Amino acid sequence: MDCLIYYTSVLIISFSLFYAYAKYKLSYWSRRGVKSPPTHLFFGNFKDCITLKKSPGDKMREIYNSADPDDPYIGFYIFHKPLLLLRDHDLIKQVMIKDFDVFPNRRFGSGSQRDPIGLDSILSMHQPRWKYVRNKLTPVLTGQKLKNMLPLMIESGKPMLNFMENLPTNEDGWSEYEMKDISSRYTTDVLASLTFGIDINSFDDNETAFCKTGVTIFRGFMRGIIFIIQFFLPDWDFLVIPFIKRPANYLRNIFWDSMNTRERLGFKRGDMIDSMLALKNGEQNPIYKFEGDNLVAQPSSLYIAGFEATATAIAYALHDLGHHPEHQDTIYNEIQTQLSGKELTMDLINGLSFLDSVVVESLRLHPPLPVTDRITTRDYELPNSGLIIEKNVPVYVSINAINQDPKYFSNPQDFIPLRTETKERKKFYESLAFGIGSRSCIGQRFALLIVKVAIIMIISNYTISYKANKKHDKNAIHVFTYAPDGLYVKFKKRN
């Protein structure tokens, strides 16, 4: 009996101490006069994500919408860690652009800053190494470099059109397929060619090793958990390092095979391998030497940033056009008027204004990565609020929530390519899908070019029609934007 009383007393005391500790930690924002949603005693506001019931993007949007319409920010918690979600355009620009020196670092992958697969790369590294590497990589993706890469993108699109043409059709000539699968294969071929210098055909079932590596990195139950940890629980990333070594080793072997072959034969192809050779043989700085895995990390990071995001952007844009035949007719007529009988060039692509509006509007509705973040390097007072963001407290932006906020957009859920928002507001949301400020995606123009080439090639040859998605019970719990039921379309060869 005495033992029972003793253990019961210990249990009650332990729970009481935990309860008092948790309540105090979860009062961080209320003690600073900041609103926050109701919290779970253990999980904070992220229970549905930790238990894999909701994606982080959906949860962040839910937190965003729980605030009053004019609230510039709202606090939330992951377990007992306080974080701040910014809701106001001007405040986001202040933090991400004007005061970049205070918020230069991302939270993603910040737990260990270790390779493999580019965790120690431009995607996640901190200042001052980040700025040095960014300056070194910026010339890799100049307008002239992209012009040189365009023929390789077009060449990678030919197997895609051949694959679509050989799909079975019904009696009216319509085929049906899941658009994300097509765009993933095309994006794989483009990125394999431009970042690793190898020609593959992911539409051939006998040549799918590179494509499977991309799928291994991004998709599946375990991959969803890995990305949630890397984005929202980076201090736990030691738990997932063993699971990402295999694809890292595959990309490492592909990279060095291309580098050694290129260096031995001495030819140039106009891809990223040429640039990596120049960095390898150039003057080195102790802050970051372009050698060994530091070289592998650069094309790997571009592949990581580009594969899923670009494939998602292509699939959703074509799916949106399938829903809106009137916009599809407009974009087809623009392509025919501007490009018919001409060789596809950067200048001609940049002149397709309606195509650009379609891509931007689709990215507004379906940002591939629906969240972005920064970490303070010192205590910082938010302008006009009196709120002090303490050093190392992360700030987040819910891109999908703010891009569909009726405060900023009329009919925010509708696909309206020719929106009438002010020029300043339009510029803001156009850039948000690729991040914002100095830390925005270095490959933005590269990714948009890949997306536009795919849309031009497909819409020039096929009419796209909406197909009701196949329903199932599987949820896509992932940091990236997913359609759990797929993005099915019907398409028919144009006369």
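A compact globular protein would have a Cα radius of gyration near 2.2 N^0.38 Å; the ratio found for the range 316-358 is 1.17.
Given a cut-off of under 8 Å on Cα pairs at least six residues apart, what relative contact order in percent is computed for the range 325-445?
Working: 107 pairs, mean separation 27.6, N = 121.
So the answer I get is 23 percent.
If only the Cβ of Lys and Arg carry +1 and only the Cβ of Asp and Glu carry -1, the dipole of the chain around its Cα centre is close to 960 debye. Projecting the Cα positions of I450, P128, I74 onto the charge dipole of the chain (unit charges on Cβ atoms of Lys, Arg, Asp and Glu, taken about the Cα centre) puts P128 furthest along the positive direction.
Name the residues of the range 38-82 whose amide N is less than 20 Å from a point 7 angstrom out from the Cα of S14 along the C-beta direction? Only 41-43, 80 fall inside the zone, counting backbone N under 20 Å. In this simple spin-label model, placing a label point 7 Å from the Cα along the Cα-to-Cβ direction at both Y21 and T138 gives a separation of 4.7 nm. Helix 2-25 and the longest principal axis of the C-alpha atoms of the chain enclose an angle of approximately 60°. Taking a straight line from the alpha carbon of K391, these lysines sit under 21 Å away, with near neighbours fewer than eight places off in the same chain left out: K25, K35, K81, K93, K98, K131.
Working from the alpha-carbon coordinates of the range 11-91, get Rg over Rh, Rh being the Kirkwood radius. Expressed as Rg/Rh, it is 1.03.
Sorted on the mean count of surrounding Cβ atoms within 10 Å across their residues, most packed first, peptides 262-270, 435-443, 348-356, 194-202 read 194-202, 435-443, 348-356, 262-270.
With respect to the chain, whose longest principal axis is taken over its alpha-carbon atoms, helix 209-218 is tilted by about 30°.
Per residue, the average separation of C-alpha pairs within less than 8 Å and at least 6 apart gives the chain a relative contact order of 22 percent. Short-range pairs are left out: with C-alpha atoms under 8 Å and at least six residues apart, the relative contact order of the range 26-156 is 16 percent. Potential lengthening of the chain between N350 and D414 amounts to 20.5 nm, from the contour at 0.36 nm per residue minus the alpha-carbon distance.
Bin all alpha-carbon pair distances of the range 333-395 at 10 Å intervals from 0 and give each bin's fraction as a whole percent. P(r) over the range 333-395, rounded to whole percents: 17, 24, 18, 18, 15, 8, 0. Taking only protein heavy atoms and a 1.4 Å probe, the accessible area of the chain is 53% carbon and sulfur.
From the P(r) of the range 292-446, could you give the percentage of C-alpha pairs in the tail past 26 Å?
Values: 4723 of 11935 pairs.
Everything past 26 Å amounts to 40 percent.
Highest average first, the peptides 249-260, 310-321 ordered by how many other beta carbon atoms sit within 10 Å of their residues are 310-321, 249-260. Taking one quarter of the surface of the C-alpha convex hull of the chain gives a mean projected area of 27.8 nm².
Model label points for D205 and T169, set 7 angstrom from Cα along the Cα-to-Cβ axis, are 2.2 nm apart. Each peptide in 297-303, 333-339 was scored by the mean count of other Cβ atoms within 10 Å over its residues; highest first, the order is 297-303, 333-339. Ligands, DNA and RNA are left out, and with a 1.4 angstrom probe the accessible area of the chain is 44 Å² per residue. What angle, in degrees between 0 and 90 and rounded to the nearest 10, separates the Cα long axis of helix 423-432 from the longest principal axis of the Cα atoms of the chain? The angle comes out near 80 degrees. In nm, to one decimal, how far is the modelled label at R425 from the one at K391, with both set 7 Å along Cα→Cβ? According to this spin-label approximation, the distance is 4.0 nm.
The values are calculated or read from the model by the stated rules, or taken from the named source; none is laboratory data. This one's a predicted model, so the numbers in the text were calculated from it and none came from an experiment. Virtual Cβ from ideal backbone geometry, glycine too; neighbours counted across all protein chains shown. For accessibility, only protein heavy atoms count, side chains too; no ligands or nucleic acids. Shrake-Rupley method; radii C 1.70, N 1.55, O 1.52, S 1.80 Å.
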